[in-house]
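The values are calculated or read from the model by the stated rules, or taken from the named source; none is laboratory data. No experiment lies behind these values; they were computed from the predicted model shown. Counting neighbours? That spans all protein chains shown, and the Cβs are built from the backbone with ideal geometry, glycine included.
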Amino acid sequence: MIRERYPTKMTLAIGDGANDCTMINKAHVGVGIAGREGMQAARASDYAIGKFKFLKPLLFYHGREAYRRISYMICYSFYKNFLYVIVQFLFGFFSVFSGIPLYEQLVYQFYNITFTGAVLFFWGVMDLEHTKERFLAEPELYKPGLQGELFSTKVFWSWNLYAMYQAVQILFVGMYASQEAQVANGKTFTFWAGGHIVYFMCVVVANLVLIRSTHNLQGYGEFWIFT
């Protein structure tokens with residue numbers, strides 16, 4: 001009834017028994033509580049918890065941070081690929097669209113697998129904007145999700161326009177550096193060396209944008225800094 005009355009709203013269903021399974025499945029997000037009533041609700045749910053007291057941290061801590069990180073990861077994934085591909089597209093104007101790739105094929109594959117993908121995975125797992133205690137003490141921190149501030153059509157295209165702006169700068173700076181700089185024999189960089197310069201700049205810029213959005217240091221980074 002709620003979904004039919006308010007089709008644009010996000011619904012949450014919480015139940016602990018077999019009679020709640022239909023409600024949990026019908027809602028956008030279902031939370032099942034495993035306990036004395038059995039495991040049917042937990043098995044039918046998207047998220048299962050052991051007690052009702054875990055519901056508040058699930059919503060206001062894990063839920064809020066999951067929304068922030070997933071929203072950022074989606075936009076960032078498109079951004080870093082736009083950054084990478086637009087440079088190649090713009091290079092076509094200088095190569096008369098001959099189809100010559102600017103990047104060597106081997107390193108081309110490593111961009112998403114290693115140089116940006118692995119780092120993004122680590123960020124998505126470890127980054128936290130605030131502490132758990134602050135999230136539970138200040139419910140107003142949940143507003144970005146209610147108001148859709150972190151993921152929308154406007155936010156998505158602003159990321160892509162940002163990537164295009166950076167791609168233009170990277171291409172022209174990289175081409176200038178490869179054509180004007182000289183190596184030991186007095187010649188300028190070769191074509192593939194110039195392409196690797198542009199490639200390196202794409203990797204550095206994409207990672208700097210991710211580092212700028214990091215709120216804390218976890219794991220090996222934290223251990224290395226404080227030891």
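Based on this model, can you work out whether Val87 counts as touching a residue at least 60 places away in the same chain (Cβ under 8 Å) and within 26 Å of the chain's Cα centre (by Cα)? It would help to see each step written out before you state the result.
Working: touching a residue at least 60 places away in the same chain (Cβ under 8 Å): yes; within 26 Å of the chain's Cα centre (by Cα): yes.
Judged against the criteria, Val87 is a match.
Could you please find all residues in the range 96-119 being of a type in the set (A, V, I, L, M, F, W, C), outside any helix (DSSP H, G or I) and under 20 Å from Ala193 (Cβ atoms)?
Ile100, Leu102 - these are the residues of the range 96-119 that are of a type in the set (A, V, I, L, M, F, W, C), outside any helix (DSSP H, G or I) and under 20 Å from Ala193 (Cβ atoms).
Considering each of Phe93, Phe82, Phe54 in turn, give the residue that is part of a helix (DSSP H, G or I), under 28 Å from the mean Cα position of the chain (by Cα), surrounded by fewer than 16 Cβ atoms within 10 Å (Cβ to Cβ) and of a type in the set (A, V, I, L, M, F, W, C).
Working: Phe93 fails: under 28 Å from the mean Cα position of the chain (by Cα); Phe82 fails: surrounded by fewer than 16 Cβ atoms within 10 Å (Cβ to Cβ).
Exactly one of Phe93, Phe82, Phe54 is part of a helix (DSSP H, G or I), under 28 Å from the mean Cα position of the chain (by Cα), surrounded by fewer than 16 Cβ atoms within 10 Å (Cβ to Cβ) and of a type in the set (A, V, I, L, M, F, W, C), namely Phe54.
Pairing residues of the range 148-163 that are of a type in the set (S, T, N, Q) with residues that are modelled with pLDDT of 90 or more, at Cβ distances under 6 Å and at least 6 apart in sequence or on separate chains, gives Asn160/Phe82. Here Gly30 fulfils each of the conditions (1) in the same structural domain as Glu138 (by TED's automatic domain parsing); (2) surrounded by 15 or more Cβ atoms within 10 Å (Cβ to Cβ); (3) modelled with pLDDT of 90 or more apart from (1).
Which one is nearest to the chain's Cα centre (by Cα) among residues in the range 112-141 that are acidic (Asp, Glu) and surrounded by 11 or more Cβ atoms within 10 Å (Cβ to Cβ)?
If we take residues in the range 112-141 being acidic (Asp, Glu) and surrounded by 11 or more Cβ atoms within 10 Å (Cβ to Cβ), then Asp127 is nearest to the chain's Cα centre (by Cα).
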